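Input: a single structure, listed below in structure tokens.
The values are calculated or read from the model by the stated rules, or taken from the named source; none is laboratory data. Note that the structure is predicted; figures quoted are calculated from it, not measured. Please note: Cβ atoms are built from the backbone with ideal geometry, for glycine as well, and neighbour counts cover all protein chains shown.
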Amino acid sequence: MTLRKLFLSTTAASLALTAAAASAEEYVIGVMSAQSGYLAPYDGPAYAGFQFCIDEKNANGGLNGTLPVRTIVKDTRSDIAEGVKVVQEMLDEGAQFIVSSADADPTIAAAQITMADGIPTMTFAGTAPVLTQVGEHVFGSYPADNQQGAVLAQYARDQGFERVYLVKSPDSAYTLGGPEYFGAAFEALGGTIVGTSNYSLNQPDFSAIVTTIKAADPQPDVIVTWAWEPDFPAFIKALRGAGVTTQVMGGDVLDTPTVRGLGEVVSGVVHTSGGFPEEGSAYADFIARFTAAKGFAPDNNYYASGCDIANMIEQAVAAAGSTDPRAVAAAMAGIENGTAIMSNFTFKGTDRMPLRDVVVARITADGQKEFVLRAQADPATMPKP
Amino acid sequence: MDLILQQTINAISLGGVYAMLALGLAIVFSIVGLINFAHGDIMTFGGYGIFLSLAFGFPPVAALTIGIGAAVVMALALERTAFRAMRGADVVILLITSFAVSEILKVLFQNGISARPVPISLPASWSGTYQIGGATIGVVPTVSILVAFGSLAGLTWVLRRTATGMAMRAAAQDLEMLRLLGVRANRVVAVAFALSGLLAGIAAVIWTAQRGSVDPMMGFFPVLKAFIATVLGGLGSLGGAVLAGFVIGALEVMTQAFLPDSLSPYRDAIVLGLVIAALLWRPDGLLPAANANRS
Amino acid sequence: MDTALEIRGLDVRYGAVQATRGVDLTAPLGGVTALLGANGAGKSSTVMAIAGARRIAGGTVSIFGRDMTGAAPDAIVRAGVAISPEGRRVFSALSVEENLTLAGSVLGDPARAADRKARMIERFPILGERRRQLAGLLSGGEQQMLAVARALMSGPRLLLMDEPSLGLAPQMVDRIFAIIEDLRDEGISILLVEQNAALALDVADHAVILANGAVVAAGKPADLRNDSLLQAAYLAA
């Protein structure tokens, strides 16, 4: 997504505004999308997927074929203060739904602004379960960290792994929570945690942690981290470079071409994911449609996840039978087994972090991703946020 | 015992990178008074040079050479386009100029290449291990140490034994006097930038070989540590920059390795606290520049 | 061509401060010209402007008949000018020999540079004895000799000497002035800046007196020695 495209789409949106002002009804969705900074790699694809599916729906008459959507998109530069400002501006411009940046912190900040009017607020891909605790109007869209942790722990135990070493960073809810949820579920299933190391985001060097892992007694048979780029590449290079061949497992952030492009060192790494485009699936169909329309293939789940937000909003509006913010929020919270492309979703009975399938995938020696399994977290072993 | 040996190798390996970056900063600072905040972006550019040459199918050794060359070219280009125009300006103005240059480069990397990290895949055979008395030592950290020491020794030789090095040492003390002797200052300054770019390029090679990816912020974090090293060593002191680079690398590895987990969030604070304590003890740095009172 | 240096209407400014105002100065070929005046009279600004190290705001500088106004220092060195600056400014972290080698490097001819270095060491034996020592460890008088030797490395025909006697012991001052006379006898033109007017007038063929950045008197040393303007120029400071 370039700034020019953003400019064009916002211009198009404001032209649509003048055109639609006369029309009876439209649904206005405000989108926070960081064009620069640490969130840009997630917000960019998520917004592209979201807008693509909104455009498809509008071409067919809008949400549920009857309610045209107008989007207001504003850049936050990954800055929370800027995010708060643009959310307020979007509300002033009549936004009835806010899609917030792909992380817990900006989403929590946005949700505090939207709370007064109960405007439903959904994060692009924030996965920390705490984010929905701001209020009844806040929703996640991606399978939460505790679901991912529980599914991965179950898989690890099924493979016979018994001793885990956790590598986590207290600097973000994701990098801290993922391994902790994994550890809790792993212990509940009879495994043990043999050691833990903390790192800092963007830590220059992981050799000291690797040496500590090598010295751990007893030795782990699996190492789990929710580290992302560039920390994960640095960690795995240091680990394999030191001759440690222990199985490594990680969170859904590892589902990127960059990680798969690291070569030999990532061969066999297992990670969770929000979805997998199996042949004939709705996801594969989405990729084909998107590629045909945009000229490039979506290379990560955030595109599909963005599109699914459009699907969730459509189903919530249909269930509410109105566009009243509180009614839409209540209807969203009551959806059970709603249809979406990455996987179906259930908000009913959850803390508004949807219960969705978690995929476990493995990176192959030639840098491809192979499907391992698809499962929903078992509520019995799923750690509470 | 093995643990200590391995952590010591980790410390020297990390310290070597910091030392090279700090030395590059100190060379430029000592001659033109510029605290070059864009130094990290020069290193990042070297990383992208490696990435792009691998993407275009160059063999790994050629790609690493191109990466080093890219960093040198970038350092020279910045000197010519941005910093030469500001020659002789106040140190604060120079610092702000380098901030601006750094921001511009980051945005260019982000929009021109990718906001996300891009992978650098070097042959697996390069990341093997070997045994010393029961301890398993990685090839990459060992090579890093050798390369860092080789570079530092090479640079010392250039500064001590060549005419250009002599001119650079003289320029560090009194650039105007050097010009009054008829030596062309622009050439000496350009060589200083080229050498700092060379060191940043070598650091980029070691860094990407160890970390496997390049992103727009790649150079920022290690260069931040290198800045601290230049201050700890004594601003403008080349030997001090190298020594302090190793000290900071060692402190980082040792705090990571031996602090209890509950204290680990305070690791950077502890390292910086020790640096501040050292500066209170020796306000001019560990090895102050010989010409600290230069007029 | 019978002048080594001819300055007309030289203005040097530092921001709003005017260091020299319309200075006219002529140094004849092969003689010692003394530039006298109190501290802050504009002597060093004039010398540094000639050497190309200060921006010239107005006026012209011609050296051996060629207009060199605003030329870069390296062009001025190639035109045959060298400077032994105020405060000596030897490279203290370099050895004595390195100081000389560095100055010789502008000749672009290693053999000639080595030859000149040998001659300097012959001329200043103390520098030969201390050739491996850091220049910063030399005494003040030795540093002054090094500064002169360094200036001579490029083979100048006009030598600018700024306060060569400053801070030196009396017998060392005598040595420096003996060297000045030797150099003059070898045919090198010298512009000598001095606060010690009596000493300077002893060796000078011609003198110019500055006060507050402007020329207040010029002429033969004998005529100026008891000139009230000279006294006034120093008292004015």
> Could you list, in sequence order, the residues of the range B:105-121 that are of a type in the set (A, V, I, L, M, F, W, C), over 15 Å from A:T258 (Cβ atoms) and facing chain A (nearest Cβ under 8 Å)?
Replying inline: B:V107
> Given the conditions (1) away from chain B (no Cβ under 12 Å); (2) among the small types (G, A, S); (3) touching a strand residue (DSSP E or B) at 6+ places or on another chain (Cβ under 8 Å), and given that C:A178 satisfies all but one, which numbered condition is not satisfied?
Replying inline: (3)
> So which residues in the range A:334-385 are free of Cβ contacts under 8 Å to residues at least 12 places away in the same chain and among the acidic types (D, E)?
Replying inline: A:D366, A:E370
>> Condition first: in contact (Cβ under 8 Å) with a residue 24 or more places away in the chain, under 29 Å from C:D182 (Cβ atoms) and in contact with a Lys or Arg (Cβ under 9 Å, 6 or more places away or on another chain). Can you find one or more residues in the range C:5-19 that meet it?
In response: no
> Of all the residues that make up the range B:210-221, how many are among the hydrophobic types (A, V, I, L, M, F, W, C) and crowded, with 23+ Cβ neighbours inside 10 Å?
Replying inline: 2
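Quick grid of which residues meet (1) surrounded by 21 or more Cβ atoms within 10 Å (Cβ to Cβ); (2) free of Cβ contacts under 8 Å to residues at least 12 places away in the same chain; (3) not acidic (D, E):
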site: C:P125; (1), (2), (3): no, yes, yes
site: C:G128; (1), (2), (3): no, yes, yes
site: C:D162; (1), (2), (3): yes, no, no
site: C:S165; (1), (2), (3): yes, no, yes
site: C:A169; (1), (2), (3): no, no, yes
site: C:V173; (1), (2), (3): no, no, yes
site: C:E181; (1), (2), (3): no, no, no
> When you look at B:S98, is it more than 13 Å from chain A (Cβ to nearest Cβ) and out of contact with any strand residue (DSSP E or B) (no Cβ under 9 Å at 6 or more places or on another chain), yes or no?
Replying inline: yes
>> Just to be sure before I move on: is A:N311 under 25 Å from A:S100 (Cβ atoms), at pLDDT below 95 and not aromatic (F, W, Y) in the structure I sent?
In response: no
> Of (1) modelled with pLDDT under 95; (2) at the interface with chain B (Cβ under 9 Å from one of its Cβ atoms), C:M153 satisfies all except one. Which?
Replying inline: (1)
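If we only count helices (runs of 4 or more DSSP H) wholly inside the range A:75-170, which ones have 1 or more residues that are of a type in the set (D, E, K, R) and more than 30 Å from A:V372 (Cβ to Cβ)? Outline the logic, then answer.
On the way: elements: A:80-92, A:104-114, A:145-158.
Helices (runs of 4 or more DSSP H) meeting the threshold: A:80-92, A:104-114.
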>> Anything in the range B:170-199 that is within 8 Å of chain C (Cβ to nearest Cβ) and among the polar types (S, T, N, Q)? List them, or say none.
In response: B:Q173
> Applying the selection to the range A:252-275, what residues are closer than 17 Å to A:D299 by Cα and away from chain B (no Cβ under 13 Å)?
Replying inline: A:D252, A:H271, A:T272, A:S273, A:G274, A:G275
> Regarding B:I145, is this residue within 13 Å of chain A (Cβ to nearest Cβ) and of a type in the set (A, V, I, L, M)?
Replying inline: yes
> Of the conditions (1) within 14 Å of chain C (Cβ to nearest Cβ); (2) among the hydrophobic types (A, V, I, L, M, F, W, C); (3) within 30 Å of A:P45 (Cα to Cα), B:A167 fails just one. Which one is it?
Replying inline: (3)
>> Consider the range A:269-292. How many of its residues are touching an Asp or Glu at 6+ places or on another chain (Cβ under 8 Å), of a type outside the set (A, V, I, L, M) and farther than 9 Å from A:M342 by Cα?
In response: 4
>> With the structure loaded, tell me whether C:G136 is under 30 Å from C:G9 (Cβ atoms) and either of a type in the set (G, A, S) or modelled with pLDDT under 95 (or both) or whether it fails that test.
In response: no
>> Quick check on my filter: what residues within the range C:189-201 are without any contact (Cβ under 8 Å) to a residue 40 or more places away in the chain and either buried (at least 18 other Cβ atoms within 10 Å of the Cβ) or within 26 Å of C:G80 (Cβ to Cβ) (or both)?
In response: C:L199
> Looking at this structure, is C:R89 under 30 Å from C:S62 (Cβ atoms), without any contact (Cβ under 8 Å) to a residue 60 or more places away in the chain and part of a loop (DSSP other than H, G, I, E, B)?
Replying inline: yes
> Got a sec? Which of A:A297, A:A331, A:A316 is over 17 Å from the mean Cα position of the chain (by Cα), crowded, with 19+ Cβ neighbours inside 10 Å and without any contact (Cβ under 8 Å) to a residue 60 or more places away in the chain?
Replying inline: A:A331
> Considering the range C:127-152 alone, what residues qualify as being of a type in the set (D, E, K, R) and more than 19 Å from C:D182 (Cβ to Cβ)?
Replying inline: C:E129, C:R130, C:R131, C:R132
> What number of residues within the range A:213-267 are within 30 Å of B:G134 (Cα to Cα) and part of a loop (DSSP other than H, G, I, E, B)?
Replying inline: 13
> Across the range C:132-160, what is the number of residues that are among the hydroxyl-bearing types (S, T, Y) and either more than 19 Å from C:R116 (Cβ to Cβ) or surrounded by fewer than 16 Cβ atoms within 10 Å (Cβ to Cβ) (or both)?
Replying inline: 1
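The rows are residues; the columns are (1) among the hydroxyl-bearing types (S, T, Y); (2) in contact with a helix residue (DSSP H, G or I) (Cβ under 6 Å, 6 or more places away or on another chain); (3) under 28 Å from A:R260 (Cα atoms).
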site: B:M218; (1), (2), (3): no, yes, yes
site: B:T230; (1), (2), (3): yes, yes, no
site: B:G240; (1), (2), (3): no, yes, no
site: B:L243; (1), (2), (3): no, yes, no
site: B:P260; (1), (2), (3): no, no, no
site: B:S264; (1), (2), (3): yes, no, no
site: B:D268; (1), (2), (3): no, no, no
> So which helices (runs of 4 or more DSSP H) are wholly in the range B:213-295 and hold at least 1 residues that are over 22 Å from the mean Cα position of the chain (by Cα)?
Replying inline: B:238-258, B:267-281
> For residues in the range C:49-66 being touching a residue at least 40 places away in the same chain (Cβ under 8 Å) and within 14 Å of chain B (Cβ to nearest Cβ), which is farthest from C:V208 (Cα to Cα)?
Replying inline: C:R55
> If we keep just the residues of the range A:198-213 that are more than 7 Å from chain B (Cβ to nearest Cβ) and modelled with pLDDT of 90 or more, which is surrounded by the most Cβ atoms within 10 Å (Cβ to Cβ)?
Replying inline: A:V210
